[in-house]
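Colleague: Quick one: this structure, given as structure tokens, is what I'll be asking you about.
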Ligand SMILES: Cc1cc2nc3c(=O)[nH]c(=O)nc-3n(C[C@H](O)[C@H](O)[C@H](O)COP(=O)(O)OP(=O)(O)OC[C@H]3O[C@@H](n4cnc5c(N)ncnc54)[C@H](O)[C@@H]3O)c2cc1C
């Protein structure tokens, strides 16, 4: 038997591995996780600019539960022959879980290689390194979505910040619910917001905007949104505008293939698809891993049934905002929400070195934070 192969070692990948190991029990099913990195990266921690705090050794999660880690990057998937190419190795599978996550979509503008980001641990380390020892850093943050707001409010602690937004309102994708509190927090922190404008070029010391303005800056941070891994293009079936594969209630793409996390557009409820977030990637991983193993071992499959949607947005020294529902109704703000954000940033760290605890959590579908 070739067993289960999981592509990706983020939230979706590691929890797929653990859920598959839970279903496997004493049987001899092989489970292999393929990811190039030695560490899982807790991307929701990256805006705090302490990159080491976001790294989790995969070995200490996978070894105790008997899952092999192949450190390699998958370049090709042959769904007819049921194999993948990972670096120079050909690996066959009986069931495949695609959990290769997402990457920041970068703009094709002059100087784009000078842009900073907090998409990866390396990106956050580069930004933190540039800011170290810079008193009163001048930052330009491009984009006022979730990531833009979290990094802008963090950078406001270190100097001046100008936030650029193409739309004519701040945080357009978060809707009107939390906007008054967001605007108040940005004003309190002295973040200058420029609406209805875009970045056209970057140079060593500044940002150029579409209206001809040039802003002097030590760092220009791009937060333009995440796109699903390009590996999704190698699978059959439809993809959405973020490049995510459409999956059914059991997170099946097709035949022997399941997908979870930022590569998969699953229904969260009757009216909404999941948002690319660890909040959804974790339970999706658990459901996909369970189903991949259950399908092979003749055990009942489960439907993906996530907790109600919530957000918890860090706003630097202005606190945080906790919202519930798709209208994002504010339930907590200020210091109380900040305390909840800190708790969330703690609990997303997976348990290590403890097979019993890892498998116990793999069997829980709820994230424990809800409305
Ligand atoms: C700055 C920032 C802040 C965020 N804040 C929040 C938040 O507050 N709350 C929240 O819920 N979500 C947040 N998110 C989103 C969240 O981090 C992602 O939705 C989540 O990481 C998705 O998990 P994933 O496992 O699907 O993918 P990822 O975390 O992207 O992991 C993908 C894995 O696949 C591996 N991989 C990729 N390509 C290949 C390949 N070709 N071959 C082998 N392996 C491959 C990668 O190395 C990695 O191990 C934030 C994201 C960022 C960037």
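Here, each number is a calculation from the coordinates, and none is a lab measurement. The structure presented is a predicted model; accordingly, all values stated were derived computationally and were not measured. Neighbour counts run over all protein chains shown; Cβ positions are idealised from the backbone, glycine included.
Colleague: For the chain, what is the convex hull volume of the alpha-carbon atoms per residue, in Å³? Walk me through the numbers before you get to the answer.
Modeller: Working: hull volume 50.2 nm³, N = 371.
It comes to 135 Å³ per residue, whole-number rounded.
Colleague: Please find the FRET efficiency linking residue 52 to residue 357, where r is the Cβ-Cβ separation and R0 is fixed at 25 Å, and quote it to the nearest 0.05. Write out the running numbers ahead of the final one.
Modeller: Working: r = 23 Å, r/R0 = 0.93.
E(calc), rounded to 0.05, equals 0.60.
Colleague: Another question, then. On full extension of the chain, what length is gained from residue 204 through residue 271, given 0.36 nm per residue of separation minus the C-alpha to C-alpha distance?
Modeller: Working: separation 67, 0.36 × 67 = 24.12 nm, distance 4.54 nm.
That pair, residue 204 and residue 271, stretches by 19.6 nm at full extension.
Colleague: Where in segment 190-206 does the amide nitrogen come within less than 20 Å of the point 7 Å from the Cα of residue 183, taken along Cα to Cβ?
Modeller: 190-198
Colleague: Something else: Can you tell me the 0 to 90 degree angle between the C-alpha axis of helix 146-155 and the longest principal axis of the chain, rounded to 10?
Modeller: Approximately 50 degrees, to the nearest ten.
Colleague: If one computes the Cα centroid of segment 35-113 and of segment 193-256, what distance in Å separates the two points?
Modeller: Spelled out, the Cα-based centre of one part sits 19 Å from the other.
Colleague: Quick one: work out the % antiparallel among DSSP beta bridges in segment 1-144, nearest 5. Don't skip to the answer; put the middle values down first.
Modeller: Values: 11 of 22 bridges.
Taking every DSSP beta bridge within segment 1-144, about 50 percent pair in antiparallel fashion.
Colleague: How much mean residue ellipticity at 222 nm does the chain get from its helices, if each DSSP H run of length 4 or more adds -39500 (n - 2.57) and you divide by all residues, to the nearest 500 deg cm²/dmol?
Modeller: Details: 8 runs with 91 residues, N = 371.
Result for the chain, helices only: -7500 deg cm²/dmol.
Colleague: For segment 152-169 and segment 297-371, what is the separation of their Cα centres, given in Å?
Modeller: 26
Colleague: For the pair residue 194 and residue 130, how long in nm is the line joining their label points, each one 7 Å along Cα→Cβ?
Modeller: It works out to 1.6 nm between the two label points.
Colleague: Okay, moving on. Compute the acute angle (0 to 90°) between the alpha-carbon long axis of helix 11-24 and the principal axis of greatest extent of the alpha-carbon atoms of the chain; round to the nearest 10°.
Modeller: 20
Colleague: Just the projected area, averaged over all directions, of the convex hull on the alpha carbon atoms of segment 259-360: how many nm²?
Modeller: Details: hull surface 33.0 nm².
Orientation-averaged projected area of the Cα hull: 8.2 nm².
Colleague: Roughly what % antiparallel, to the nearest 5, for the DSSP beta bridges in segment 106-222?
Modeller: Values: 7 of 22 bridges.
In segment 106-222, approximately 30 percent of DSSP beta bridges are antiparallel ones.
Colleague: Right, here's the next one. Applying a 10 Å radius around every beta-carbon, put 56-65, 253-262, 293-302, 311-320 in order of their mean neighbour count, most first.
Modeller: Numbers: 56-65: 18.7, 253-262: 25.5, 293-302: 15.7, 311-320: 22.3.
Descending packing order for the listed peptides: 253-262, 311-320, 56-65, 293-302.
Colleague: Something else about it: In the chain, what % of DSSP beta bridges are antiparallel (nearest 5)? Before the final figure, lay out each step's value.
Modeller: Values: 35 of 66 bridges.
Given both bridge residues lie in the chain, the antiparallel proportion sits at roughly 55 percent.
Colleague: According to the square roots a ≥ b ≥ c of the eigenvalues of the Cα gyration tensor, what is the shape class of segment 198-310, taking rounded for a/c under 1.5, prolate for a/b larger than b/c otherwise, and oblate for the remainder? Don't skip to the end; give the middle numbers.
Modeller: Working: a/c = 3.25, a/b = 2.67, b/c = 1.22.
Prolate is the answer for segment 198-310, as a/c is 1.5 or above and a/b outweighs b/c.
Colleague: At 7 Å along the Cα-to-beta-carbon direction for both residue 214 and residue 39, put a label point, then send me their distance in nm to one decimal.
Modeller: Here the answer is 3.7 nm between the modelled labels.
Colleague: Could you identify which residue out of 265, 99, 81 has the top mean-square fluctuation in a GNM of the chain using Cα springs shorter than 10 Å?
Modeller: 81
Colleague: Under 1.5 on a/c is rounded, so check that first for segment 47-96, then, if it is not, pick prolate when a/b is larger than b/c and oblate when it is not; a ≥ b ≥ c are the square roots of the alpha carbon gyration tensor eigenvalues.
Modeller: prolate
Colleague: How are the alpha carbon pair distances in segment 106-222 distributed across 10 Å bins from zero to the largest one, expressed in percent?
Modeller: Reading the bins upward from 0: 14, 49, 33, 4.
Colleague: With the chain treated as a Gaussian network of Cα nodes joined by springs under 10 Å, which of 282, 343, 198 yields the largest mean-square fluctuation?
Modeller: Result: 343 has the largest fluctuation of those listed.
Colleague: For segment 1-128, what is the per residue volume of the convex hull drawn over the alpha-carbon atoms, in cubic angstrom?
Modeller: On the way: hull volume 15.1 nm³, N = 128.
Given the Cα convex hull of segment 1-128, per-residue volume reads 118 Å³.
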